[in-house]
Amino acid sequence: MDAGLTLTTNMALVFALLAFTVLMLVLEWIRADLVALLVIVVIGITRLLPVDQLFDGFAGNAVISLIAVMIMGAGLDRTGVLNKAASFILRLAGGVESRVSLLVNAMVGAMSSVIQSQALSALFLPVVSRVSARTGLPLKRLLLPMACMILCGTNTTMISNSPLILLNDLIVSANRNLPPGAQTIQTFTLFAIAPVGVPLLLGGLAYFALFTRRLLPGDEERQKVTPGRTETYFAETYGIDGEVFELTVTTDSPLVGMSVAEVEQLRGAPLILALKTGSEARLAPPADQMIWVGSVLGVLGKREAVNDFANVQLCHVQSRLRNFADLFNPARAGISEVVIPPNSTWIKKTVGELRLRKTYAISVLAVNRGEQVFREDVRQVALRPGDTLVLHSFWRDLAQTAESRDFVVVTDYPKEEHRPSKIWHAAMFFAIAMGLGLFTDLRLSVAMLVGAVGMLLTGVLDMDEAYGAINWKTIFTLACLIPLGAAMDSTGAAAWIAQEVLKYLGEWPQWGLQAVIAVLTLLVAQVVSNVGATVMMVPMAINVALASGGNPALYALVVAVSTSNAFILPSANPVITIVSGPGGYRSRDFLRVGVPLTVLMLVILLVSVNLWFGRT
């Protein structure tokens, strides 16, 4: 790095763009992927980066690798691997809480080394719920440790963690702008970081094995919130109880000519789950569907309340289901819980705007947000990441809607095993991809695509399912933010920051500088995405290493791994956000678990990278 760098106009533009990106990611006024697209456009217009490098991210090793990993993860899920995992856990654990917790944590930690963290948490949430329901163990003591162990395990390989996948591309970009005489920074191979990731994984396992009961003490009220999804559960948790009745609308009833939405606003109205008009009966009637003489409403409520409502509205009550017996068959339909993940397109939309009943034949009965439960006027509730929705629907419609990945189903509901006959095809091509990545000189993207294409050719997935498995929001965000990191290097902005940092910390030992970089990365990762934190911090870390005589690859690795240690705020990492609602966690739970774990991971990281990479 040149001595005495001065702040240039291009550097100032990069810093302004960086500040704008951070602000938008924190405030969420604009979607993250749209912010990333705006960043790449501004970089192109201002010529902060040559145009021929501007779209390298879309064809970059990181993006293609991540697409392939997402497809392979969906293939493993379609073949029933995770259902077998749940059965395996139950069989080995024998219902002993400490054994169940250790096996769950070890399994997700190991699997997170090869399956993307957010996808794995969404896939394993119902698995752990099923384990909790069958054993009676508190879900609260299983979900948060599981999520944390997924984050710990992602640092074992280079294929499941977006920052680590991105790391090699950022190193290649940094090599283009190295000062004269500087040695080229080597990229990382598939399992090159295992000496760092394995200690992190083992440290996390030991942490939760020793302290889970102290960190998440028993709470009788909370322990009732188990995923058995029985009538008792929904009554205790949401106040959704009673029986299903049929109300026949008479000629004199004031309900005649009203819409379903208008009836739901009436005082004492029960939950309307079905409607039959003429010969047509349907579950989850749309809010704008009209009610006429002879219409039959399928409602849920307590007998006394339903009778009172029927008397006031001049309806005939029938407790025996004559019109809706088939619709309310538990094998076909029922009540379920789903969680809104951070990448859902439903976020910031109200339940009414989603038109779930009209579009998907799904009724929203309640919304759970932390310690709040919304039962009244649910249609006006704007959804947030981590919200838990209580739905009533056909299981078939629930499964089809879940394929959009706008929510994660927590409830264990009747569904067919997708393609168990293809399990060996999925396992074989996954193993081939791993082998090619480990034992050949193929680029990681090519090795992972071999596995993905193999699953497609053998029918593990079809192309439409493969497209659905890809989180395009993540892909676009990743591809569009890569040029921001490259611009920080090419304009000298990263070198200027490193110069200013070393003015104050120049006398610190290498491990001290690494600790500062790691802590700064942790703070940035708490408020922006882990990908955004990696793009911002890796160029600066590499320049600090070059200026201080350190190992640039080691500093870059410290940044990429530190972005995964976002355990403190539920909003800081999608994996934590997904479990926050179903687990019924409060803010103090995240602080109690996350702060000591963050410190432990930081210490293990610094020790392991210096012991292993400090020699090279």
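Can you give the convex hull volume per residue for the Cα atoms of region 229-411, as a whole number of Å³? If you can, show how the numbers build up before the last one.
Details: hull volume 19.6 nm³, N = 183.
Convex hull of Cα atoms, per residue: 107 Å³.
The shape of region 426-498 comes out oblate: with a ≥ b ≥ c from the C-alpha gyration tensor, a/c is at least 1.5 while a/b does not beat b/c.
Ordering of 468-480, 558-570, 498-510 by packing is 558-570, 468-480, 498-510, highest average first (other Cβ atoms within 10 Å, averaged per residue).
Sequence-ordered 3J(HN,Hα) estimates for region 311-322 from the Karplus curve with 6.51, -1.76 and 1.60 and θ = phi - 60° stand at 5, 5, 9, 6, 10, 8, 9, 9, 7, 7, 7, 9 Hz, glycine and proline given as x. In nm, to one decimal, how far is the modelled label at Arg267 from the one at Thr6, with both set 7 Å along Cα→Cβ? A separation of 7.8 nm, rounded to one decimal place. Cross-link check: pairs Lys422/Lys473; Lys302/Lys349; Lys276/Lys358; Lys349/Lys473 evaluated at a Cα-Cα cut-off of 20 Å; pairs beyond the cut-off: Lys422/Lys473; Lys302/Lys349. Note on Thr250/Val453: beta-carbon distance plugged into 1/(1 + (r/R0)^6) with R0 of 45 Å gives a FRET efficiency of 0.10.
With respect to the chain, whose longest principal axis is taken over its alpha-carbon atoms, helix 574-583 is tilted by about 30°.
The angle separating the long axis of helix 32-46 from the principal Cα axis of greatest extent in the chain is about 40 degrees. How many angstrom separate the Cα center of region 370-431 from the Cα center of region 440-474? With region 370-431 and region 440-474 each reduced to a Cα centre, they are spaced 23 Å.
Using a simple spin-label model with pseudo-atoms 7 Å out from Cα toward Cβ, Ala110 and Arg586 lie 3.7 nm apart. Its Cα centre serving as origin, the chain has a Cβ charge dipole (Lys and Arg +1, Asp and Glu -1) of approximately 880 debye. Between the Cα long axis of helix 587-612 and the first principal axis of the chain there is an angle of about 30°, rounded to the nearest 10.
The modelled label-to-label distance between Phe55 and Ala325, using points 7 Å beyond Cα along the C-beta direction, is 6.2 nm. Going from the fewest other Cβ atoms within 10 Å to the most, the residues Leu18, Leu275 appear in the order Leu18, Leu275.
Where nothing but the Cβ of Lys and Arg (+1) and of Asp and Glu (-1) is charged, how large is the charge dipole of region 229-411 around its Cα centre, in debye to the nearest 20? Write out the running numbers ahead of the final one.
Details: 20 positive and 22 negative charges, 79 e Å.
My answer is approximately 380 debye.
For the chain, the fraction of C-alpha pairs more than 49 angstrom apart is 18%. Of the peptides 588-601, 145-158, 317-330, the ranking by mean beta-carbon count within 10 Å, highest at the top, reads 145-158, 588-601, 317-330. Packing-based ranking of 294-304, 98-108 yields 98-108, 294-304, ordered from highest to lowest mean Cβ neighbour count within 10 Å.
All of the numbers you see were taken from the coordinates with simple rules; none came from a lab. These figures come from a predicted structure and were not determined experimentally. We place every Cβ from the backbone using ideal geometry, glycine too, and count neighbours over all the protein chains shown.
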